[in-house]
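Inspection log for the structure reproduced underneath, given as structure tokens.
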Amino acid sequence: MIKFLRLVISLINVIIVVALLSIHFIFKECSFKASVFYYAFPLPIIIGMVLILSIFITHKLRKYNLLLAAVLMLIWLVQSFKIHIPKTITDEDLEIVLWNASRENNLEDAFKINDGIPDILVMVEHGSYKTNFFNDKYPNYHFYKSDAGISIFSKSPLKIINEASSKFNTNFIHFETSGVNFYAIDVHGSIDVPRSWELGFVNKLIKNTKHTVILGDFNIPYESKHFESIKVNFDHAFSKRGNGFKETWPWNIPLLSLDHIWASKDLKILKTKKVATFTSDHSMVKTYIRK
């Protein structure tokens, strides 16, 4: 009886492992249902499940689980952990900050966590605050607060070019400042709304591919196929010049990379870093670019 149970458990282990690997490496985002599982089971989760299953299977099969976990760990580290030597930053370079504020924080919180006032700050899903307060406190700077939950701060004059929202509340703002085009984006994150719809909406609105920065909470990882068109003309700031794990969610745990800054290839990315904080479930991301 014990031998039979071990056989059943080993069979279940094989089925679960094969299913998880197929979802992550083969099916990915081939359909709406597949994409839901793909986002729900990033490599760290799969590695954890393989290790947990190893507790219940036979010693002979366990060694294969442990070997698989080691290989997956190596793949994850290669994909996610970046090491770059930062370039020297000058006063002419732009410090750009992105933060999903978890609907609880405002611009003052962002300045504090960033340990200074950046040249450009985009904050999505921010908490409530009064624009007049910041206009009075920082009279020489420029602010824009949208009704859709995106706030923009700039040390230089700010021009709003276009603002749009999808019917599922993916929010988009095109603005110019410091001689650079910016697209600020907050993609709807519900599991019952296909990301293909929302990223299709976003990609149609991105017209500029020179002197341009795209940034926001996209609610999809860097490896997503929905970034294919963006990757043609833009470099991912953290992958290009970041250090550490690129994943930004949740609560400083490197599980999913949801918050991204992309710079057009004619801009030079000098340095990118995540700023860890427990005041939001999303890490702050900042990068320095040279025009």
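For Val285, the conditions (1) farther than 22 Å from Asp115 by Cβ; (2) modelled with pLDDT of 95 or more are fulfilled apart from (1). Does Val97 count as closer than 16 Å to Lys274 by Cα, open to solvent by less than 30 Å² (accessible area, probe 1.4 Å) and in contact with a helix residue (DSSP H, G or I) (Cβ under 7 Å, 6 or more places away or on another chain)? Yes, satisfied.
Rundown of residues vs (1) surrounded by fewer than 14 Cβ atoms within 10 Å (Cβ to Cβ); (2) touching a Cys at 6+ places or on another chain (Cβ under 7 Å); (3) in contact (Cβ under 8 Å) with a residue 40 or more places away in the chain; (4) closer than 20 Å to Ser224 by Cβ, yes/no style:
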| position | (1), (2), (3), (4) |
| --- | --- |
| Val18 | yes, no, no, no |
| Ser31 | yes, no, no, yes |
| Leu61 | no, no, yes, no |
| Met73 | no, no, no, no |
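When Leu11 is evaluated against the numbered criteria (1) of a type outside the set (Val, Ile, Thr); (2) surrounded by fewer than 18 Cβ atoms within 10 Å (Cβ to Cβ); (3) in contact (Cβ under 8 Å) with a residue 12 or more places away in the chain, which criterion, by number, is the only one it fails? Leu11 satisfies all of (1) of a type outside the set (Val, Ile, Thr); (2) surrounded by fewer than 18 Cβ atoms within 10 Å (Cβ to Cβ); (3) in contact (Cβ under 8 Å) with a residue 12 or more places away in the chain except (3).
Taken across region 210-221, residues that are within 11 Å of the chain's Cα centre (by Cα), closer than 18 Å to Phe168 by Cα and among the aromatic types (Phe, Trp, Tyr) do occur, with at least one present. Anything in region 265-275 that is open to solvent by 10 Å² or more (accessible area, probe 1.4 Å) and within 12 Å of Lys246 (Cα to Cα)? List them, or say none. Across region 265-275, the qualifying residues are Lys273, Lys274, Val275.
Within region 166-180, the residues that satisfy the criterion of being in a strand (DSSP E or B) and either surrounded by fewer than 17 Cβ atoms within 10 Å (Cβ to Cβ) or more than 20 Å from the chain's Cα centre (by Cα) (or both) are Phe175, Glu176, Thr177, Val180.
Taking region 39-156 and the strands (runs of 3 or more DSSP E) fully enclosed by it, the elements with 1 or more residues that are closer than 22 Å to Ser264 by Cα are at 94-100, 120-124, 150-154.
Taking every residue in region 199-226 that is more than 16 Å from Leu98 (Cβ to Cβ) and among the polar types (S, T, N, Q) and pairing it with any residue that is modelled with pLDDT of 95 or more and assigned to a strand (DSSP E or B), at least 6 positions away or on another chain, the pairs with Cβ-Cβ distances below 6 Å are Asn208/Asn181; Thr209/Ser264.
This table checks each residue for (1) touching a helix residue (DSSP H, G or I) at 6+ places or on another chain (Cβ under 9 Å); (2) not in a strand (DSSP E or B).
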position: Glu198; (1), (2): yes, yes
position: Ile230; (1), (2): yes, yes
position: Lys240; (1), (2): no, yes
position: Ala263; (1), (2): yes, no
position: Thr272; (1), (2): yes, no
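Would region 212-231 turn up any residue that is open to solvent by 30 Å² or more (accessible area, probe 1.4 Å) and either among the aliphatic types (A, V, I, L, M) or farther than 23 Å from His24 by Cβ (or both)? So far as region 212-231 goes, no, none of its residues is open to solvent by 30 Å² or more (accessible area, probe 1.4 Å) and either among the aliphatic types (A, V, I, L, M) or farther than 23 Å from His24 by Cβ (or both).
The residues of region 33-56 that are among the β-branched types (Val, Ile, Thr) and touching a residue at least 12 places away in the same chain (Cβ under 8 Å), listed by number, are Val36, Ile45, Ile46, Ile47, Val50. When restricted to residues that are closer than 16 Å to Pro42 by Cβ, buried (at least 20 other Cβ atoms within 10 Å of the Cβ) and either β-branched (Val, Ile, Thr) or in contact with a His (Cβ under 6 Å, 6 or more places away or on another chain) (or both), region 234-264 contains 3.
The values are calculated or read from the model by the stated rules, or taken from the named source; none is laboratory data. Note that the structure is a prediction, hence the values are computed from the model and not measured. Note that each Cβ is placed from the backbone with ideal geometry, even for glycine, and that neighbours are counted across all protein chains shown. With ligands, DNA and RNA removed, areas are computed over all heavy atoms of the protein, side chains included. Shrake-Rupley method; radii C 1.70, N 1.55, O 1.52, S 1.80 Å.
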